[in-house]
1. Any idea which of Arg51, Arg111 is in contact (Cβ under 8 Å) with a residue 12 or more places away in the chain and closer than 21 Å to Thr33 by Cα?
2. Would you pick out the residues in segment 10-41 that are polar (S, T, N, Q) and under 16 Å from Leu64 (Cβ atoms)?
3. Leu65: in contact with a Phe, Trp or Tyr (Cβ under 6 Å, 6 or more places away or on another chain) and under 24 Å from Met259 (Cβ atoms), yes or no?
4. For segment 56-87, enumerate the residues that are in a strand (DSSP E or B) and within 16 Å of Leu134 (Cβ to Cβ).
5. Assess whether Asp98 counts as being buried (at least 20 other Cβ atoms within 10 Å of the Cβ) and not polar (S, T, N, Q).
6. For segment 344-380, what are the residues that are polar (S, T, N, Q), closer than 15 Å to Met407 by Cα and not in a helix (DSSP H, G or I)?
7. Consider only pairs whose beta carbons are under 7 Å apart and that are at least six residues apart or on different chains; among these, list those whose first residue lies in segment 261-284 and is part of a helix (DSSP H, G or I) and whose second residue is hydrophobic (A, V, I, L, M, F, W, C) and exposed (fewer than 10 other Cβ atoms within 10 Å of the Cβ).
8. Out of curiosity, is Thr56 among the polar types (S, T, N, Q), in contact with a strand residue (DSSP E or B) (Cβ under 9 Å, 6 or more places away or on another chain), loosely packed, with under 14 Cβ neighbours inside 10 Å and assigned by TED's automatic domain parsing to the domain that holds Tyr147?
Amino acid sequence: MGRTPTESSVSIPQPVINWLFGVIQPIYHDKRTTFHDSVEVLNNFKQLRPRTRVYTDSSGISELLLCIYGKPLASSSVSLLIWIPKSYPLEHPLVYIDLEALQDTKVSPGRHIDPNGSISIPLFDKWNSKTCNLLQVVDECIKICRYDHVVDPITPVEAPPLVLPPKLPPHEATVVPKPPLPKKPDLPGPSFIPTPERHSVRPSIPAKSTLIKQTSVPPLPKKPPAAPIFDLLDSTITSDAATTHKAIMNDLQRALNQMSKADTVYVRDNLRSRKLSIESALGQFNGMYESESKALKNVIESIVLTKKSLEREIEAVETQFEKIDAYEEENGEVLDSSMLASADSVATNQLYNLVAKDYALSDTMHMLARLLTCDTITLDIFIKKTRQLGREQFFTRVHIQKVVESMQY
């Protein structure tokens, strides 16, 4: 039953197709898929009918939806209500048992049916908008209604017998005396002759049986014959209708082709722009990756070179320590490590000492300034010590200048 309806295989009257197409356009997001699947279901199951009704979900939200209702097959035991949501086919249809169509039966809850008549088929658990459609939903509902026990007969409840109160004994009728008749008025003498104008005729009183017959309930009028209900799906297609149907189907196919072409162009342009942006971002990422890789490679090379240099220096220092240990063992005295580093001449050693003294004096004066800021020493002590250290630093720098001049000659 998964075949696609074509122009030659569709046996639905053209007015129904036009109505269905007009109803789907303003309601559904995927108009093409909804229209195609609805036509396919109505074409394969002749007992089903389409209509639009307001659907209210469990949260109380109401919306106008397309509902396909009726018995899928003539042998089906129940009538179904198939509601198509607005986001179809992203969201699966909602299937219910038509409770209003149940006459002498009631819903039998089970694995696939709840007490409210909602049907949950296994296809809903693995619903896929690309592979699942409305026709498969109807097929599975037919299987469930055929092999599962979905309805139970309603057992009539017998009303208890009506208990009448006991009859009272008859009472003797009391005879009510009739009132006396009034006296007759005195009639005029024979000289009174009534004229025709003053002559009155006493109206005749109808008999009691006649009144009973006239006051009986008149018979009810006969009900007019019910007008036959015209169903578009049961109407026959004449030759003119077939020609019109073919022309409209051609127009519909042309419109669908134009929509498909427009969608294809839109998707192609969108994919092209996204592809260009992705390629640009990928190129920038590759450039950043190459630059970072080069920088990391340079850092690794510098680390390796520095490591080798440090290893050589460590080996040289260890060699010197071994020589010092050997000298101490031979001479029996401990050497001062600060005296080991010496210059080639006496003037150079003196210059080293003078420069170290100059830096020490500068650090001492900076420390005095910090102590004055923290109020650790007074201003008098700061001035006195600063003058003393400045004087000493002046003579030290003069001495350094003389040593430098003597080394140049």
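1. On the way: Arg111 fails: closer than 21 Å to Thr33 by Cα.
So the residue among Arg51, Arg111 that is in contact (Cβ under 8 Å) with a residue 12 or more places away in the chain and closer than 21 Å to Thr33 by Cα is Arg51.
2. The initial filter retains those residues of segment 10-41 that are polar (S, T, N, Q), namely 11, 14, 18, 25, 33-34, 38.
Within segment 10-41, Gln25, Thr34, Ser38 meet the criteria.
3. Working: in contact with a Phe, Trp or Tyr (Cβ under 6 Å, 6 or more places away or on another chain): yes; under 24 Å from Met259 (Cβ atoms): yes.
For Leu65, the condition - in contact with a Phe, Trp or Tyr (Cβ under 6 Å, 6 or more places away or on another chain) and under 24 Å from Met259 (Cβ atoms) - is met.
4. Of all residues in segment 56-87, those in a strand (DSSP E or B) come to 56, 62-70, 80-84.
If the condition is that a residue be in a strand (DSSP E or B) and within 16 Å of Leu134 (Cβ to Cβ), then Leu65, Leu66, Cys67, Ile68, Tyr69, Gly70, Leu80, Leu81, Ile82, Trp83, Ile84 are the ones that fit.
5. Numbers: buried (at least 20 other Cβ atoms within 10 Å of the Cβ): no; not polar (S, T, N, Q): yes.
It is false that Asp98 is buried (at least 20 other Cβ atoms within 10 Å of the Cβ) and not polar (S, T, N, Q).
6. If the condition is that a residue be polar (S, T, N, Q), closer than 15 Å to Met407 by Cα and not in a helix (DSSP H, G or I), then Ser345 is the only one that fits.
7. Taking only residues 6 or more apart or on different chains, not a single pair turns up.
8. Working: among the polar types (S, T, N, Q): yes; in contact with a strand residue (DSSP E or B) (Cβ under 9 Å, 6 or more places away or on another chain): yes; loosely packed, with under 14 Cβ neighbours inside 10 Å: yes; assigned by TED's automatic domain parsing to the domain that holds Tyr147: yes.
Yes, satisfied.
The values are calculated or read from the model by the stated rules, or taken from the named source; none is laboratory data. Please read all numbers here as calculations on a predicted model, not as lab measurements. Counting neighbours? That spans all protein chains shown, and the Cβs are built from the backbone with ideal geometry, glycine included.
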